[in-house]
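Notes to accompany the following structure.
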Amino acid sequence: MRPHNPRAIQVRASAAALVCAGLLVGAGTSPLAAQNREHQQMAAELRILQDQQQQLALLVAQIAEAVKAIPGRIDEASAATRKGFADQELRISALAGDVGLIRERTQDTDTRLRSLRDEIDALRATLVALQAQITQIAQTPAPNSDPVDLSAVTPVGPGGPPAPVGPPPSTSGLSPSRMLDSAKSDYFAGQYSLALSGFEAVLRTFPRTESAAEAQFYIGETYSQLKRWLDAVGAYTLVVQNYPTSSNVPEAYFRRGRAYEDLGQTDAARASWELVVKTYPDTTGATLAKQGLDRLVRKATP
C-alpha cells in the first residue's frame, strides 16, 4: 500500500471544499434573483397605487371645493331671481301708475270736452234768444209821435204808484258751468236756499249736461246739510237714474247709503254700499263705502 501523503490529502480536501462552496453559491443565486424581481415589481405597483391615491385625494378635494361652492351659487341664483322678481314688480307698479294717470287724464279730458260742449250749447241758446229778441224788436210798432202819451199814464191811488214787477232773472248768456259754479258758491257759503234754486236752474236749463249731473248730486248734498235725509235719498237716487254715466254716480251711491244710515235703515245703507263696491271698485266712493260697511260690522258686533 502507498503511504498517505498528508499534503496531498489536504489539497484534495481544499479542492473539494471549493467545489462545494461553488455549488452552494450557484444554488443560492437563482432564488435571490427571483426574489429581487418580485420585490421590484411590488415596489412599482406600490408606487402606482400611491400615485393613484394622490390623484384620488386631489379629486376628492376638488369635489369638496365644488360642493362648498354650490350653496353660494344657489344663493347667488336665488338673489338674482328675487331681484328679477322685484324689478318686474316695480315695472308692473310703474305701469299701473302710468295706466292710472292716463285714466285720470282721460277722465279730465272727457270732463273738459263735456264742459266745452255745454259752453257751445249755451252759446247756441244765447244766439237763439238774441235772434228771438231781434225778431220781437222788429215786429214792435213804431212809438207814438205825440210827445205826451196819456195812454201810458197810470192813475195814482192813495197808496202811491204800484211797485214794478221785474221779470225773473234770465239765464241767457250763461253757460251751465258758470251757473253751477254760482250755485256751488252759495252752497259753500251756507246759503242753502239760494244754492237749491241755482242747482234746480241748471237742471231746468241744461238737463242733459254733466253740469246737470253734478247739480243733481249737490242737491242731495244740500238736503244732507239740512238733515232732510229722505229728500237727500231721492236726490242721490236721481243722480244714479238720470245720469248713469256721470262720474258722480259712485259717490252718490255712498252718500245715499249715509243718508239711509242716518235714517236708521242699515239694510238699505248696506245694500247701497255693497253695490258701489261691486260696480265701481276703484273709485273713492267704493273706498268710503268699504269704511261704511266696516262701521256697520263693528256696530253689529256686541
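The values are calculated or read from the model by the stated rules, or taken from the named source; none is laboratory data. Computed from a prediction, not measured in an experiment: that's the story for all the values here. Cβ placement follows ideal geometry from the backbone for every residue including glycine, while neighbour counts extend to all protein chains displayed.
Data overview
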{"read-out": "Which numbered condition L150 misses (of (1) at pLDDT 85 or above; (2) more than 30 Å from D282 (Cα to Cα))", "value": "(1)"}
{"read-out": "Criterion (free of Cβ contacts under 8 Å to residues at least 40 places away in the same chain, among the charged types (D, E, K, R) and within 30 Å of S185 (Cβ to Cβ)) met by exactly one of K290, K227, K299, K278", "value": "K227"}
{"read-out": "Among the residues listed as Y243, Y260, Y253, the single one being touching a Leu at 6+ places or on another chain (Cβ under 8 Å) and in contact (Cβ under 8 Å) with a residue 12 or more places away in the chain", "value": "Y253"}
{"read-out": "Residue that is surrounded by the most Cβ atoms within 10 Å (Cβ to Cβ) [pool: residues in region 174-198 that are more than 15 Å from Q216 (Cα to Cα) and within 36 Å of the chain's Cα centre (by Cα)]", "value": "R178"}
{"read-out": "Any hit, region 199-206, residues being at pLDDT 95 or above, within 35 Å of the chain's Cα centre (by Cα) and part of a helix (DSSP H, G or I)", "value": "no"}
{"read-out": "Of residues in region 54-111 being more than 15 Å from the chain's Cα centre (by Cα) and of a type in the set (S, T, Y), the one modelled with the lowest pLDDT", "value": "T111"}
